[in-house]
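The values are calculated or read from the model by the stated rules, or taken from the named source; none is laboratory data. Worth saying up front: this structure is predicted, and the values here are computed from it rather than measured. For the accessible areas, the whole protein counts, side chains as well, though only heavy atoms, and no ligand, DNA or RNA atoms are used. Shrake-Rupley method; radii C 1.70, N 1.55, O 1.52, S 1.80 Å.
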Amino acid sequence: MKKTCYVTTPIYYSSGNVHIGNSYTTIACDVYSRFHRLSGYDTFFLTGMDEHGQKNEEAAAAAGKTPQQLVDEIAATTNQLWRDMKITHDDFIRTSEERHTRIVREIFSRLLAQDDIYMGAYEGDYCVSCEAFFTKSQLGEDGSCPDCGKPTRKVKEECYFLRLSKYQDRLLEHIKANPDFIEPETRRNEVIAFVESGLEDLAVSRTSFRWGIPVRENPRHVIYVWIDALSNYLTALGYLSADDALYQKYWVNGDKVVHVIGKDILRFHAVYWPIMLMALGVPVNFKLYVHGWVLMKEGKMSKSAGNIIYPRDVMDKYGLDAMRLYLIKEMPLGNDCVFSYERFIEKYNSDLANDLGNLLNRTLVMINKYFAGRLEKPDRRYGDYDRELEETIENTARKYKESFASFRFQNGLNEVWHLINRSNKYIDETMPWVVAKDESRRDELNAILYHLYESLRVTAIMLAPVIPDTAEKIFRDFGLDTIDFNGLGYGKTASVKVTEKPEILFRRLDPEIELKSQNENTKPEITIDDFNKLDLRVGEVIDARKVENSDKLLLLKIKIGAATRQVVSGLAGAYAPADLIGKKLVVVANLKPVKIRGYLSEGMVLTAEGKGLPLEVLEVKKHNSNSRIS
Ligand code: ME8
């Protein structure tokens, strides 16, 4: 029977913002899954969407939609993005699905019935954006959230608690008895220190919003989003449902259960999740790989800094494989890495165009030129170079497997590139163009090219989990079909027949041209007719007030000519209502009206936003309301 491997990404928040940074987790899990499939594991790869919570409730209201409509749209686009990125997930679980909500409710009821969850009262500072409570000592000076810096809210509510304290010792024992439970070790040590400092029981229900899973015994309460979200790893396998075959196979009797997460969500996965499992009597047999962040040169990616890069921007321009390789090869396990177009183009040129691309192209051209595309396996070695390259192929394959099996992709890929560079050097050392001049050395020339072919064939197999399209193209050029780890080793091809017309896989990019185009606007072009569809008018603000229970929204009354419009606008973070009254602003007057938080919004106010600067409305000084803007 095949060994099993269950791999999960965190389920992404449905903010609809998969950027180049958080897409790393999913690409890394895809690499890990593809590697295990090729290694002969029966692999189940899960990803999905974390859909409940106050943030989505508010975002849906602001967009005039129900939360379900909002998350349906986001789930569809996100799932499509993963498909376009050739992510090979076996399931996509959404926390608003009935198969999930039903079981989460059941999990909560069980924990309540056995008194691992109890009713208490909570008073604390809550960040809506992060969906998390913080203690006084964790808050910033002005009471702001320590994670995102936004203001927190004081919340006092009756609420349910999960007894973390009861399981503290068992958790510590588990961590200490299983040195590879959390990798890398720095993260493991962080968790040990956190648990040893003492666990307080965790608030696990909310009454301040509705978009969540109601507690069966007390539906005024919805289940805390993290209890809801973490459970996805079991609900997707059919845990506690009529058919729990996947749960039995991949979890209970599974050989490898791996949760991959970014460092920001370590506590939830290394403390709350194992305690939930202990309380439920589910074996704690998973392990955690904790990766760092993809940062920009100036730090974190964020809307306010205006420095977000989306995967589509990169893959549409430079190809999916170049993007996948960059992220996987640049990120060491446990530390951060930087994404910059300068570095991306530099790596594209060196790793893909120069090292791999050149080796492939030189090899194919020579096999065609000297042997009309055909080679035979040599029956002897012609020099130390041959033995050395054969050994490098074998050693590389071994080290690659070890590294990839333990999520050290960067180490594994550095080994692969060592082989690629060693092979390029082998060409310089053996000088096939010199050997070709001597008719009596035909067999030696055949052996040289055969070694290069074998090195590239093994390289393509090793790269298949990371850059699957490129690996397949190389296989096609080599006249081979199925990529298989049994092929990892020198001398597995009896006779060779390569394509006559090799295509250049990666052309060198000119950094100057590329970087210039990156700095320009990337939205698609429009025509003057497109622009003329907008009816832009000057409108004077005659009244402004805050929308109740919202940090972002203002309700404006705007006079355009004789008529007065109502516009709901996300200006509250940047303007006090009184500051706007009397201002003459630019308004999109023909925007289809929508309801936001129950208020009709008939238009939109234009604003400027950009790197590190506050949102600013566009104002007109001399004109009166109703003037046209063109
Ligand atoms: O955390 N670089 O979802 P999420 C690398 N819903 N990884 C990053 C990153 C960056 N710049 N920014 C975020 C959630 N990530 C929860 C998970 S699981 C039961 C619930 C990673 O959409 C982040 O660490 O905010 C996480 O692993 C993933 O992206 C999704 O983050």
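Annotations
- Here the Kirkwood formula puts the hydrodynamic radius of region 155-260 at 16.4 Å, using every distinct Cα pair.
- Compactness index (Cα Rg / 2.2 N^0.38 Å), region 359-416: 1.48
- For region 440-542: span of alpha carbons on each principal axis (Å, largest first): 90, 31, 22
- Relative contact order %, region 528-629, counting alpha carbon pairs below 8 Å whose residues are six or more apart: 32
- Its alpha carbons considered, region 337-511 gives a radius of gyration followed by a Dmax of 16.0, 53 Å.
- Solvent exposure of region 528-629 amounts to 59 Å² per residue of accessible area, where only protein heavy atoms count and the probe is 1.4 Å.
- Note on region 528-629: percent of Cα-Cα distances in each 5 Å bin, starting at 0 and stopping at the bin with the largest distance, equals 3, 13, 23, 25, 20, 11, 4, 1, 0.
- Compactness of region 39-91, expressed as Rg and Dmax over alpha-carbon positions, Å: 14.6, 49
- By accessible area, using a 1.4 Å probe on protein heavy atoms only, region 49-122 has 49% of its surface on carbon and sulfur.
- Cα-Cα separations in region 4-291 greater than 23 Å, expressed as whole percent: 55
- Under Stokes-Einstein, with the Kirkwood radius over Cα pairs as Rh, the value for region 25-150 at 4 °C and 1.567 mPa s is 72 µm²/s.
- Helix-only arithmetic for the chain: the sum of -39500 (n - 2.57) across DSSP H runs with n ≥ 4, divided by the residue total, places the mean residue ellipticity at 222 nm at -11500 deg cm²/dmol.
- Square roots of five times the Cα gyration tensor eigenvalues for region 211-328, Å: 34, 21, 15
- Over region 189-237, the Kirkwood radius and the radius of gyration, each from Cα atoms, give a ratio Rg/Rh of 1.11.
- Each Cα pair of the chain feeds into the Kirkwood radius, which the Stokes-Einstein equation turns, at 10 °C and 1.306 mPa s, into a diffusion coefficient of 57 µm²/s.
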